[in-house]
Amino acid sequence: MKIFVSADMEGVAGVTDKEHVHRTGKEHERARQLMTGEVNAAVEGALEAGVKTVVVNDAHGTMRNIIPEQLHRDAELITGAPKPMFMMEGLDSSFTAVFLIGYHGKRGSYPSVLEHTYSSSVVYDLFVNDKIVGETGINAAIAGYYGVPVALVTGDKKLAEEAQAFLINVETVVVKEAVGRTAARCLSPLKARQRVREGAVKALTKVSTLQPFKIAPPINLKVVFINPGMAEMAALIPKSKRVDGRTVAFSSTDMIEAYKAFRAMIALAGTTV
Ligand SMILES: [Zn+2]
């Protein structure tokens, strides 16, 4: 077995604030350690379940959060940015399953710690074939494109509910319960790591029951931006369509093309911030 880990930071136990998740935040160095600890716990669980190869993709902010010298000896780390497939860089059809570690709720979900969808400063909502999706949804769809199921999702309680709603038989581990957007009741890091490790083992015992989350083409994306100026920039993408003041649509028969258009829209819209 071969496991791909996409690791975010907002859903890690002990992380609640922008001071944790931003590069210049006073608590960022601590948050990096907490994130590395939960990632290592997932790696340990995977190895315990018989996995031979674990590739970890750092998927938060600068994508240089996981502390290399503290990474589990038997994992490989994709670190740094930019990278073509962003939060899912490194995944291909040779993997058995995906783990989403330290994830957070889609934009607007409540209560979920620091919820957003790809960019909190630009994206108001992301629709895929008329359904609102968050990072769990779009990233699971990328994995589905490669025929790889999501086996484990960890984060806060709201995120676990979001994942359970569309990923059949997925294992979820709740490491904290949001009190508000920037407050949470958290497990201790040691307990959170124990649960993540146990969750990884459990997830892999039922891996044969999982289905890849495939979205049948055409893939119709609609991105609602925070203001019309952002949509103006996003609508420069060839073959995109301005739907209304804040909304730009893009349609493709290819999931990867649609995903790249989405990310290019965010990059262009971000130039107005
Ligand atoms: Zn995120």
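The values are calculated or read from the model by the stated rules, or taken from the named source; none is laboratory data. Small disclaimer: the values here were computed from a predicted structure and weren't measured. Reconstructed Cβ throughout: ideal geometry from the backbone, glycine too, with neighbour counts over all protein chains shown.
Remarks
- Any hit, the stretch 31-53, residues being in contact with a strand residue (DSSP E or B) (Cβ under 9 Å, 6 or more places away or on another chain), in the same structural domain as L187 (by TED's automatic domain parsing) and in a strand (DSSP E or B): yes
- Complete set of residues in the stretch 158-180 that are surrounded by fewer than 18 Cβ atoms within 10 Å (Cβ to Cβ) and within 15 Å of H104 (Cα to Cα): E161, Q164, A165, E177, V179, G180
- Hits in the stretch 179-201 - residues which are touching a helix residue (DSSP H, G or I) at 6+ places or on another chain (Cβ under 6 Å) and more than 19 Å from Q33 (Cα to Cα): A200, V201
- Search result, residues across the stretch 127-144 that are charged (D, E, K, R) and either within 14 Å of the ligand (Cβ to nearest atom) or without any contact (Cβ under 8 Å) to a residue 12 or more places away in the chain (or both): K131, E135
- Residue in the stretch 145-165 that is under 24 Å from V248 (Cα atoms) and either of a type in the set (D, E, K, R) or away from the ligand (no atom under 16 Å from the Cβ) (or both) present: yes
- Residue, nearest to G102 (Cα to Cα), within the stretch 6-18, restricted to residues that are surrounded by 19 or more Cβ atoms within 10 Å (Cβ to Cβ) and more than 14 Å from the ligand (Cβ to nearest atom): A13
- Matching strands (runs of 3 or more DSSP E) fully within the stretch 168-273 where at least 1 residues are farther than 20 Å from V128 by Cβ: 171-180, 183-186
- Meets criteria (polar (S, T, N, Q) and within 16 Å of the ligand (Cβ to nearest atom)) for T172: no
Matching residues to (1) touching a residue at least 60 places away in the same chain (Cβ under 8 Å); (2) in contact with a Lys or Arg (Cβ under 7 Å, 6 or more places away or on another chain):
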position	(1), (2)
F4	yes, no
N40	yes, no
E44	yes, yes
T53	no, yes
A75	yes, no
T79	no, yes
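- In the stretch 252-267, the residues that are of a type in the set (A, V, I, L, M), out of contact with any strand residue (DSSP E or B) (no Cβ under 6 Å at 6 or more places or on another chain) and either over 14 Å from K239 (Cβ atoms) or exposed (fewer than 15 other Cβ atoms within 10 Å of the Cβ) (or both): I256, I266, A267
- The stretch 75-126, subset farther than 29 Å from V201 by Cα and basic (K, R), residue nearest to the ligand (Cβ to nearest atom): R107
- Residues being among the aliphatic types (A, V, I, L, M) and in a helix (DSSP H, G or I) - total across the stretch 1-30: 1
- Complete set of residues in the stretch 46-71 that are within 17 Å of V21 (Cα to Cα) and either aromatic (F, W, Y) or within 16 Å of the ligand (Cβ to nearest atom) (or both): N57, D58, A59, H60, G61, T62, M63, R64, N65, I66
- From the list V122, V133, V148, V153, the one residue that fits, being touching a Phe, Trp or Tyr at 6+ places or on another chain (Cβ under 9 Å), at pLDDT 95 or above, closer than 25 Å to G270 by Cβ and crowded, with 24+ Cβ neighbours inside 10 Å, is V122.
- Considering residues of the stretch 19-45 that are within 16 Å of the ligand (Cβ to nearest atom) and touching an Asp or Glu at 6+ places or on another chain (Cβ under 9 Å) only, the residue nearest to G90 (Cα to Cα): V39
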